[in-house]
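First comes the structure, then the notes that go with it.
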Amino acid sequence: MHYLVYNSSQIPPAAPADAALLDAHEQEAYARHGAPYLARRMLLRRELARLTGLQVQGIRLQYGENGKPHFPPQPFNMSHSRDCLCLAFHHREIGVDVEYMRPRPFAALAERFMAAPQLAAFMERGCPQQEFYACWCAAEALVKHAGSGIWHAQGRFPFLYDAGRIVPQFPDAPQVELFSPAPGFMGALAFSP
């Protein structure tokens, strides 16, 4: 398993002609999000090409039931928040999330995705920002690993936060690793060894 972290200033701009390499799903997103989206997708394609020995033009993404993109020769996942992008690769399914840490209604949001034991411990500790983002990123990484959505995390992917570590509480759970992709950001990876 490995991951790459980029600041948006480190992502080379894509040429407008690169848009022709995007599939229909990506074309729609490109129309909404513009040049930064295209640059991120081209960076992903270049890295997939490097890892597989294929040409960039030969990278054709597929999509799971809930829209998770995948490329069978090389499992990957990606996440971005503000100006931080993370690309993660593994020999098996992988999920990654990065989040910019800022004040939010932590208690209200935690109630929507944390399972009861983790929620109780979080509330008892006073809803600390660092723990919230560790848990949020872990939940996102777990559901992305499974190809699901964040609001499915509560019942299907329970975990506990213990001294800076995420401890999944369900059978056949992937390993979850927290990391700091950049100052002011939190990240998590979910992967099966």
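The values are calculated or read from the model by the stated rules, or taken from the named source; none is laboratory data. Quantities reported herein were computed from a predicted structural model and do not represent experimental measurements. Heads up, the Cβs are rebuilt from the backbone with ideal geometry, glycines too, and the neighbour counts pull from every protein chain shown. When the accessible area is computed, the model is the full protein with side chains, heavy atoms only, and any ligands, DNA or RNA have been set aside. Shrake-Rupley method; radii C 1.70, N 1.55, O 1.52, S 1.80 Å.
Working out 0.36 nm times the residue gap between Arg92 and Glu124, then minus their Cα-Cα distance, what length gain in nm do you get to one decimal?
7.9 nm
Compute the label zone of Ala49 within the range 7-28: residues whose backbone N is under 11 Å from the point 7 Å along Cα-to-Cβ.
Under cut-off, by backbone N: 18, 21.
Relative to the present Cα-Cα distance, how much length would full extension add between Ala24 and Tyr63 at 0.36 nm per residue of separation?
12.9 nm
Check Ile166: other-chain or 5+ apart residues with amide H under 5 Å from its amide H, H built from backbone geometry?
Hits under the 5 Å cutoff: Leu178.
Using only protein heavy atoms and a 1.4 Å probe, report how much of Lys68 is accessible, in Å² to the nearest 10.
30
Relative contact order of the chain: what whole-number percent is it, with Cα pairs under 8 angstrom and at least 6 residues apart?
19
Can you work out D for the range 1-79 in µm² s⁻¹ from Stokes-Einstein, where Rh is the Kirkwood radius over C-alpha pairs, the temperature is 4 °C and the viscosity is 1.567 mPa s?
For the chosen part, D equals 98 µm²/s.
Enter the Cα centre distance for the pair the range 1-44 and the range 46-63, rounded to the nearest angstrom.
The range 1-44 and the range 46-63 have Cα centres separated by 13 Å.
Please work out how much accessible surface His70 shows to a 1.4 Å probe, ignoring ligands, DNA and RNA, in Å² rounded to 10.
Here the accessible area works out near 60 Å².
Leaving out ligands, DNA and RNA but keeping every protein chain, what accessible area does Ser79 have, in Å² rounded to the nearest 10, with a 1.4 Å probe?
10
Would you mind telling me the share, in percent, of accessible area of the chain contributed by carbon and sulfur at probe 1.4 angstrom?
Carbon plus sulfur share of accessible area: 53 percent.
With every protein chain kept in place and ligands, DNA and RNA left out, what is the accessible area per residue of the chain? Probe 1.4 Å, answer in Å².
48
Please turn the phi angles of the range 182-187 into ³J(HN,Hα) values with the Karplus equation 6.51 cos²θ - 1.76 cosθ + 1.60 (θ = phi - 60°), one per residue in order, whole Hz, x for glycine and proline.
Per-residue couplings from phi come out as 6, x, x, 10, 10, x Hz.
Taking only Cα atoms and a 10 Å spring cutoff, compute GNM fluctuations for the chain and point out the largest among Cys127, Cys135, Cys86.
Maximum fluctuation in the GNM of the chain, among the listed residues, is at Cys127.
How large is ³J(HN,Hα), in whole Hz, for each residue of the range 170-175 in order, when computed from phi with the Karplus curve 6.51 cos²θ - 1.76 cosθ + 1.60 and θ = phi - 60°, using x for Gly and Pro?
9, x, 6, 5, x, 6
Keeping every protein chain in place, order His33, His145, His90, His2 by accessible area at 1.4 Å, biggest value first, i.e. largest first.
Sorted by accessible area, descending: His33, His2, His145, His90.
Taking the Cα centre of the chain as origin, sum charge times position over the Cβ atoms of Lys and Arg (+1) and Asp and Glu (-1), and report the length of that vector in debye to the nearest 20.
280
Can you run phi through the Karplus equation (6.51, -1.76, 1.60; θ = phi - 60°) for the range 69-75 and list ³J(HN,Hα) in whole Hz, with x for Gly and Pro?
x, 8, 9, x, x, 8, x
Summing Lys, Arg as +1 and Asp, Glu as -1, what charge do residues with Cβ under 13 Å from the Cβ of Arg165 carry, Arg165 excluded?
-3
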